[in-house]
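Encoded as C-alpha cells, the structure appears first; notes follow it.
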Amino acid sequence: MSEEPGKNEGLRQAVRAFALLSGVGIYFVVFVGICLWLGNLADENLGLGYAGKLVGIIIGFPGAIYTLYRQIKENGVV
C-alpha cells in the first residue's frame with residue numbers, strides 16, 4: 001500500500017498550525033501571569049490597592065504581543 005506524497009499534507013499543516021497556536025497561547029498566559037504576579041507583589045509590599053495588578057495587566061498584554069511578534073518574525077513565519 002503506497003501512499004500518495006501529498007495525501008496527508010493538509011493534516012500535517014493542521015497539526016503544525018495547532019502546535020504553533022498552542023505554544024503561542026501558553027506563552028501569552030505565562031507572560032501575562034508573571035506580570036500580574038509582579039503587580040500583586042507590588043500591591044502587597046507597597047500598599048497600592050489594585051494599582052499594581054492593573055499596571056501588571058496593562059504592561060503584560062502589549063509586552064506579550066510584542067515579544068510573540070518578534071519571536072515569530074525571527075523564526076520566519078511572518
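The values are calculated or read from the model by the stated rules, or taken from the named source; none is laboratory data. Small disclaimer: the values here were computed from a predicted structure and weren't measured. Heads up, the Cβs are rebuilt from the backbone with ideal geometry, glycines too, and the neighbour counts pull from every protein chain shown. Quick note on the areas: whole protein, heavy atoms, side chains included, nothing else; ligands and nucleic acids left out. Shrake-Rupley method; radii C 1.70, N 1.55, O 1.52, S 1.80 Å.
Quick rundown of the values:
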item	result
Probe 1.4 Å, accessible area per residue of the chain, Å²	80
Rounded percent of accessible protein surface that carbon and sulfur make up, the chain, 1.4 Å probe	68
Ala51-Gln71 FRET efficiency (beta carbon distance; Förster radius 35 Å; 0.05 resolution)	0.70
Sites Tyr27 and Ile58 - FRET efficiency at Förster radius 22 Å, r taken between beta-carbons, to 0.05	0.75
Relative contact order of the chain, pairs being alpha-carbon contacts under 8 Å that are 6 or more residues apart, as %	26
Largest to smallest accessible area among Lys7, Lys53 [probe 1.4 Å]	Lys7, Lys53
Computed [θ] at 222 nm, deg cm²/dmol, the chain (DSSP H ≥ 4; -39,500 (n - 2.57); rounded to nearest 500)	-29000 deg cm²/dmol
Value of D in µm² per second that Stokes-Einstein yields for the stretch 1-68, Kirkwood Rh from Cα pairs, at 10 °C (1.306 mPa s)	111
Rounded, prolate or oblate (a/c below 1.5 giving rounded, otherwise prolate when a/b exceeds b/c) for the stretch 39-78 by Cα gyration tensor	prolate
Heavy atoms of Phe61 accessible to a 1.4 Å probe, total area in Å² rounded to 10	90
Max mean-square fluctuation residue, GNM over the chain, Cα-Cα springs under 10 Å, options Leu46, Leu36, Leu21	Leu46
